[in-house]
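Only one structure is covered here, and it is reproduced in the block below.
Only the coordinates and a few stated rules stand behind these numbers; no lab work does. In this text the structure is predicted, and so the values were computed from the model without any measurement. Ideal geometry is used to build each Cβ from the backbone, glycine not excepted, and the neighbour counts take in all protein chains shown.
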Amino acid sequence: MTTFLKEEKEPTWQQLLEEGKNCLLDAGVADAELDAWYLLEAAFPIDRVHFLIDKNRPVNGQILSKSGPVYQEYLEKRAARIPIQHILGNQEFMGLEFTVNENVLIPRQDTEKLVETVLKEHPGRDISILDMCTGSGCIAVSLAVLGSYEKITAADISRAALKVAKKNARRHFLVQKGTVRSESTLLSEMPWKLKMSTYVYSSDSSEGERQSASGEGTKAAVRAREPGIAAVPGVRKRELFLVESDLFSSLDQSDKYDIIVSNPPYIPSSVIDGLEPEVKDHEPRLALDGSGDGLYFYRRLAWQSGAYLKKDGMIYFEIGYDQAAAVWQLLDTAGFCDIEIIKDEPGLDRVVKARWNR
Ligand code: GLN
């Protein structure tokens, strides 16, 4: 355990970092030094540049007595193998900071492949997307913000997860660049359904262009024309729905989507107990466990998705590196066509896409 608070002499910044690193190494943490740095940076008023300049100077006593106990608490938590993201409350995904807690899967870099593929293959904005098993909302919110798609629906069985997704949507969707107005409306308590709308100004309203410019002139035009806000040139209405649903159970079959994306739980139950303590003890099993063979949700999604897709609608699912053949088979049997497997940066099978041409 750490001793820096008990020493007579103040430690230097470098010693603080070393002590943190050793404490985490002893606990078997893989990236001990990096994690110690993040915790130090979060606990103390120090950034990388100042650390490098001052690392051999003793830490000021007042700063140490204020921030030292915080650093110590963070280190103890991390040594107990609590994920660093739970300690700091954040994980970056697609360049955006997402709030996380023990009720959601921590966004993984692997999943960026799914979002990037959809963004690349669907430059047109006027489409509706369903994100099934949204968890923290990282897929839905990054598609909504970076893709500026007309309508995104994010569904999850866990209300606790949806509360996190709501925070993230507030953080990024309701206040994105070019927002001229935004609002949220609770549509239903049971099942929980929330609608968020933003009116986003885009200097170039032609298809395929990313939104840009904050549009001061437009804001004035919007104020002048209320309530006909959507009629103002360059202003587009964007909607994000959060829905409590056991897969499709709370969705309306008359609502058809252009795209369904999902990163469902896909780890075989027996594999979970062999994972790192950060994952098996601190991330929600509900978000990881794909039942006996890991394919439970792909089976249900394969059979049910078609009914919610427009003709030629697409699905994009994240898969485990060894699940491509099995998921391909499921989708083929369920009637999907043009099935393709997309690899991630390390070269592993990561995303399956397919078309529903009925
Ligand atoms: N990719 C995650 C992991 O390896 C699992 C994600 C999931 O089950 N959807 O921990």
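Helical content alone sets the calculated 222 nm signal of the chain at -11000 deg cm²/dmol, taking -39,500 (n - 2.57) per DSSP H segment of four or more residues and averaging over every residue. Applied to the stretch 339-345, the Karplus parametrisation 6.51 cos²θ - 1.76 cosθ + 1.60 on θ = phi - 60° returns per-residue 3J(HN,Hα) values of 6, 9, 10, 10, 8, 8, 4 Hz, with x for Gly and Pro. Counting Lys and Arg as +1 and Asp and Glu as -1 over every other residue whose Cβ lies under 11 Å from the Cβ of Val100, the net charge comes to -3.
So if each residue of separation counts as 0.36 nm, and I subtract the Cα-Cα distance between Ser254 and Asp322, what length gain in nm does that give? Intermediate results must be reported in sequence, preceding the final value.
Details: separation 68, 0.36 × 68 = 24.48 nm, distance 3.48 nm.
Between Ser254 and Asp322, full extension yields an extra 21.0 nm.
For the peptides 35-45, 160-170, the ranking by mean Cβ contacts within 10 Å, running from highest to lowest, is 160-170, 35-45. Centroid-to-centroid, using Cα positions, the stretch 49-107 and the stretch 248-263 are 38 Å apart. Projecting the Cα atoms of Leu186, Asn168, Ala287 onto the charge dipole of the chain (Cβ charges, centred on the Cα centre) puts Leu186 farthest toward the positive pole. Going from the residue with the fewest nearby Cβ atoms within 10 Å to the one with the most, Val70, Val261 rank Val70, Val261. The aspartates and glutamates within cross-link reach of Lys280, meaning a Cα-to-Cα straight distance under 13 Å and a gap of 8 or more places when in the same chain, are Glu102, Asp289. Amide H to amide H distances under 5 Å link Asn90 with Val100, where only residues 5 or more positions off or on other chains count and H is placed in the peptide plane. Count the net charge of all other residues whose Cβ sits under 14 Å from the Cβ of Val279, scoring Lys and Arg as +1 and Asp and Glu as -1. Result for the neighbourhood of Val279: -4. For the chain, the square roots a ≥ b ≥ c of the C-alpha gyration tensor eigenvalues yield an a/c of 1.5 or more together with a/b not exceeding b/c, which makes the shape oblate.
Using the count of nearby Cβ atoms within 10 Å as a rough guide to exposure, how do Ile129, Ile139 rank from fewest to most?
Ranking Ile129, Ile139 by Cβ neighbours within 10 Å, fewest first, gives Ile129, Ile139.
With both labels modelled 7 Å from their Cα along Cα-to-Cβ, the Leu174 to Glu121 distance reads 3.3 nm. For the chain, a simple Cβ point-charge model (Lys and Arg +1, Asp and Glu -1, everything else neutral) yields a dipole of about 1440 debye relative to the Cα centre.
Considering only Pro268, Pro346, Pro123, the mean-square fluctuation computed in a Gaussian network model of the chain, springs between alpha carbons under 10 angstrom, is largest for Pro346.
Kirkwood hydrodynamic radius, the stretch 246-305, all distinct C-alpha pairs: what's the number in Å? Mind showing how you got there, number by number?
On the way: mean 1/r = 0.0775 Å⁻¹.
Hydrodynamic radius (Kirkwood, Cα pairs) of the stretch 246-305 is 12.9 Å.
Averaging Cα coordinates gives a centre for the stretch 1-47 and one for the stretch 310-354; these two points are 43 Å apart.
Report relative contact order for the stretch 318-358 in percent, whole number only (criteria: Cα-Cα under 8 Å, sequence separation at least 6).
Working: 59 pairs, mean separation 18.1, N = 41.
That works out to 44 percent.
Of the residues Val200, Leu119, Leu130, the one whose Cα sits farthest toward the positive end of the charge dipole of the chain, with +1 on the Cβ of Lys and Arg and -1 on the Cβ of Asp and Glu, is Val200. With the cut-off at under 16 Å, measuring from each backbone N in the stretch 89-105 to a point 7 Å along the Cα-to-Cβ line of Ala80 picks out 89, 102-103.
Candidate cross-link partners of Lys195 among the lysines, defined by an alpha-carbon separation under 18 Å and a same-chain spacing of 8 or more, comprise Lys151, Lys163, Lys166, Lys167, Lys237, Lys256.
Toward the positive end of the charge dipole of the chain, with +1 on the Cβ of Lys and Arg and -1 on the Cβ of Asp and Glu, the farthest Cα among Phe51, Ser269, Leu247 is that of Leu247. Dipole magnitude for the stretch 50-133: computed about the Cα centre from +1 point charges on Lys and Arg Cβ and -1 point charges on Asp and Glu Cβ, it is near 460 debye. In this structure, the amide hydrogen of Leu247, modeled 1.01 Å from its nitrogen in the peptide plane, lies closer than 5 angstrom to those of Ile157, counting only residues at least 5 positions away or on a different chain.
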